[in-house]
Structures are given as structure tokens and as C-alpha cells.
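Working notes for the structure below.
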Amino acid sequence: MKRQLIAITAICFALLLPASAWAHAFLDHADPKVGSVIASSPDEIKIWFTQEIEPDFSSIEVRDSRGNEVDKQDTHKDSSDKKLLIVSVPKLADGQYTVTWKVVSTDTHHTHGDFSFTVKSQS
Amino acid sequence: MPLGKKAFAAIVIAAGLVFPHLLLAHGFVGDRFFPPTIATDDPFAVDELSLPSITAFGDPSSDGVPATREVDWGFEFDKEILPHFAIGVSDDFISQSERGQPSTYGWDNIELTAKYELWHNDPHEAIVSAGLIADIASSGTENVSDSFSTLAPTVYFGKGFGDLPETVNFLRPLAVTGELGESFPTSSDAANQFQYGFAIEYSLPYLQEEVKDIGLPSPLKDMIPVVEFALATDENRATGGLTTGTINPGVLWQTPWCELGAEAVIPVNGRTGSRVGFTVDVWIYIDDLFPKVFGYPIFGKD
């Protein structure tokens with residue numbers, strides 16, 4: 001009986017595995033890094049996700065410590081990497097910034113999150 | 001992408017924009033993902049499938065009592081029926097062996113669960129749910145299951161600590177889930193029980209994605225160390241006042257399509273057992289694998 005249970009379990013896995021491409025898109029890594037302190041303003045905020053995303057239904061916002069949106073509102077995908085979402089920013093003054101992202105993965109699942117980074121020039 | 005799949009995606013994305021929580025079938029509150037736990041139930045009324053859940057434990061021989069060993073092969077399936085309301089069914093195939101005796105096999109009684117998410121607060125990553133757990137008399141194999149039913153009204157909760165100030169940034173990945181229930185058996189021989197349990201989790205994915213990227217490599221960055229406490233205290237009959245339970249330290253590993261969990265099972269006292277066991281568990285994200293079928297309530301919209 002135990003062997004039968006093992007066999008049933010193995011068959012279940014075999015049936016499920018081919019569909020493993022479906023999944024939520026979570027943040028994999030970002031540039032600037034989550035929680036980092038950087039010495040100069042970036043030109044862009046880049047976020048790599050764990051799954052391919054639908055750029056038309058995805059966004060990145062960057063706000064300063066007063067809550068004002070400072071990004072150029074031009075969220076766009078990378079032409080060669082479907083897991084990468086980008087937004088441009090002007091030259092950022094010293095201070096802490098909050099990045100809020102909302103994405104829809106290609107399997108239509110919604111996810112969202114936020115993180116901060118700090119610009120602190122040497123001068 | 002074939003046209004049919006593309007059309008489906010467009011329709012569902014559009015629906016998702018109108019109903020922003022439509023496709024958040026996993027256990028999310030705000031930015032927090034609460035993973036399914038093994039020894040205690042999480043507070044979410046969503047589509048979930050645990051297959052299999054394997055627990056092994058035993059007692060060495062003592063005072064003339066032979067050594068015993070039990071292995072349980074279990075499953076759990078939950079389906080959201082109405083928005084924030086789900087029903088579930090679970091069972092275990094039990095294998096009991098006693099040294100010098102033939103092994104005993106059979107199904108435990110079927111357990112049905114109804115759960116409703118009463119309240120949640122996204123900024124504070126908090127959720128409270130209420131449910132009823134029913135163990136159905138004689139629905140299992142006679143030699144390993146009870147001949148009476150048990151009803152247990154239960155309250156569930158979850159709280160993430162992502163709202164803590166940045167001065168204690170490294171506590172923000174912490175989260176707690178738990179359940180408090182009272183069981184009422186239909187047999188006059190069995191005791192009422194206060195059943196209580198909680199899980200303390202430290203989410204490395206939350207640390208990496210929301211707090212600070214400390215450069216953890218895979219698969220470490222996808223793991224959630226956890227300690228679960230699952231306890232029950234008899235309230236009447238001959239065993240009134242006596243407690244059984246386990247403490248389960250382990251880890252939950254998130255993959256794109258399932259969660260793999262492994263925990264030690266440590267008895268809290270001699271009445272529970274005297275040997276450390278283990279449990280392994282696979283939670284399959286059926287809303288990811290079959291998004292056309294799962295991830296939605298059958299009736300109504302989230």
C-alpha cells in the first residue's frame with residue numbers, strides 16, 4: 001500500500017510539472033539595490049522580476065520622502081529582457097526614495113511591492 | 001502566444017484591473033505573502049492543495065511497552081466558494097507499526113473545514129478569519145479512526161511586521177500566524193479540547209524584496225525559516241488539564257509553482273511522545289498551475 005501511495009504521488013508530480021511556467025512575478029533584484037545607499041543619482045530604476053511581465057499593465061513609481069512622485073512616468077520594458085521593467089528618473093537630490101511597483105505577469109497574476117533606497121553624495 | 005490564450009489573458013487582465021484583488025489567490029495581505037504552514041492552519045480562504053504531507057514519528061520501547069512508529073500520508077484541498085469564503089477537505093492515510101506486531105493501515109476520518117476571512121488590513125499586514133472544522137465520525141478505516149465526530153469552531157489570525165519603523169529594519173521580515181479553537185466531540189468519553197497553535201516566520205524573500213538586498217543566493221533567498229507550536233489541552237473527563245503538542249522548527253522553501261516544507265516534530269512532553277519525528281509537505285500553487293480553474297471564487301468576485 002505504501003508503494004501505491006508513492007506511485008500516486010509521483011504521478012501527480014509528473015502531471016503537474018509541465019505547467020510549471022505559470023507563476024506570480026516577484027521582485028528578483030533591482031538597481032539600485034533594495035535598501036541600498038548610493039553615492040550618486042541613477043538615471044533609471046530597473047527591476048528584474050522572477051517571471052515575464054505585461055508592461056502595458058505594470059508600473060513603477062518613485063517618490064521622495066515627502067511623497068512627491070519624482071519619476072518621469074515612462075515605465076517601459078527592456079527590449080531584450082521580458083522580465084525587466086524600467087522607469088527613468090531626473091537627477092535625484094540627496095535623500096531617501098520609495099519605489100512602488102505593480103506588475104501583471106504574463107499569466108495575468110497581479111503582484112505589488114515597494115522598497116526604498118537612499119542617495120547620499122560624498123560632498 | 002496563441003490567439004485563444006492571448007484573448008483569455010486580455011480579458012482576465014482587464015477584469016483584474018476592475019477588481020484589483022481578483023487574482024491574488026495566494027495568501028497575501030498588502031505586500032506580505034504568508035506561506036502555508038504545516039502543523040497549524042493559515043488564516044486564508046483561498047484555493048490551496050497540499051499533496052502530499054508526510055509525517056513520521058514514534059516512541060521507543062519503555063516499561064514493557066513495545067516501540068511504536070507511525071507514518072501519516074496526508075492531503076488537503078481548499079476551494080474558495082464565495083469571496084473570502086472557502087471550504088476544505090483533508091485526510092491522512094495512517095500506517096502504524098508496533099515491534100513484534102503486524103502493521104495497521106487505514107484512512108483517518110475525513111476532516112471538513114469552512115473558513116471566512118473576516119477582516120484584513122493591507123498597510124499593517126494583518127488578517128483575522130473564523131472557521132469551523134468538522135471531523136466526520138466513522139468516515140475512515142475503523143481500526144485507525146474515531147467512531148465519533150468532533151466540531152471545532154476556530155479563529156485564525158496573521159500579522160506581518162513590515163510596518164515596523166526602519167530603525168528595526170531587520171525585524172520587518174517577521175510574521176506570526178495562529179489559530180485558537182475549541183473542539184466538541186460527540187462522544188461522552190472524549191474530552192473537550194482547547195486547541196491552539198501559532199507559527200513564527202522570518203521571510204528571507206521579504207527581506208530581499210522589501211527591506212534590504214543582502215545578496216542571498218538561490219535557493220536561500222526563497223526560504224522562510226519557521227517555528228510552529230501546535231498544542232491542545234483537554235478540558236474535562238479523566239484527562240482534563242493535560243496538554244499534548246509539538247514544537248516544529250523547520251524551513252519553507254518557495255518555488256514558482258509550489259512550496260516545499262520540512263520540519264522536525266518535537267514532543268512538548270512525555271504524554272505527546274518521547275522521540276523527535278519529522279514532517280515534509282508540498283503545497284502546490286494550483287492557482288498558478290491552473291489559472292483558468294483556480295484562483296477565483298466559484299460564485300461572486302473578490
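Descriptive notes on the structure:
- Of the strands (runs of 3 or more DSSP E) lying entirely inside region B:113-211, the ones with 2 or more residues being within 15 Å of the chain's Cα centre (by Cα) and among the hydroxyl-bearing types (Ser, Thr, Tyr) are found at B:150-160.
- Restricting region B:252-285 to residues that are closer than 18 Å to residue B:86 by Cβ and modelled with pLDDT of 90 or more, the residue that is nearest to the chain's Cα centre (by Cα): B:283
- Residue check, residue B:260 surrounded by 15 or more Cβ atoms within 10 Å (Cβ to Cβ) and without any contact (Cβ under 8 Å) to a residue 40 or more places away in the chain: yes
- Of all positions in region A:96-107, none carries a residue that is closer than 17 Å to residue A:34 by Cα and small (Gly, Ala, Ser).
- Looking only at region A:18-77, residues that are under 28 Å from residue A:95 (Cβ atoms), within 14 Å of another protein chain (Cβ to nearest Cβ) and in a loop (DSSP other than H, G, I, E, B) come to 8 in all.
- Tally of residues being hydrophobic (A, V, I, L, M, F, W, C) and surrounded by fewer than 22 Cβ atoms within 10 Å (Cβ to Cβ) across region A:93-102: 1
- Restricting region A:103-123 to residues that are out of contact with any Leu (no Cβ under 9 Å at 6 or more places or on another chain), more than 9 Å from chain B (Cβ to nearest Cβ) and surrounded by fewer than 22 Cβ atoms within 10 Å (Cβ to Cβ), the residue that is nearest to residue A:52 (Cα to Cα) is A:118.
- All positions within region B:276-300 that are within 14 Å of chain A (Cβ to nearest Cβ) and assigned to a loop (DSSP other than H, G, I, E, B): B:285, B:290, B:291, B:292, B:293, B:294, B:295, B:296
- Of everything in region B:267-284 that is charged (D, E, K, R) and surrounded by fewer than 21 Cβ atoms within 10 Å (Cβ to Cβ), the residue that is nearest to residue B:36 (Cα to Cα) is B:275.
The values are calculated or read from the model by the stated rules, or taken from the named source; none is laboratory data. Treat the numbers as computed from the prediction; the structure is a model and nothing was measured. In this analysis, Cβ positions are derived from the backbone assuming ideal geometry, glycine residues included, and neighbour counts consider all displayed protein chains.
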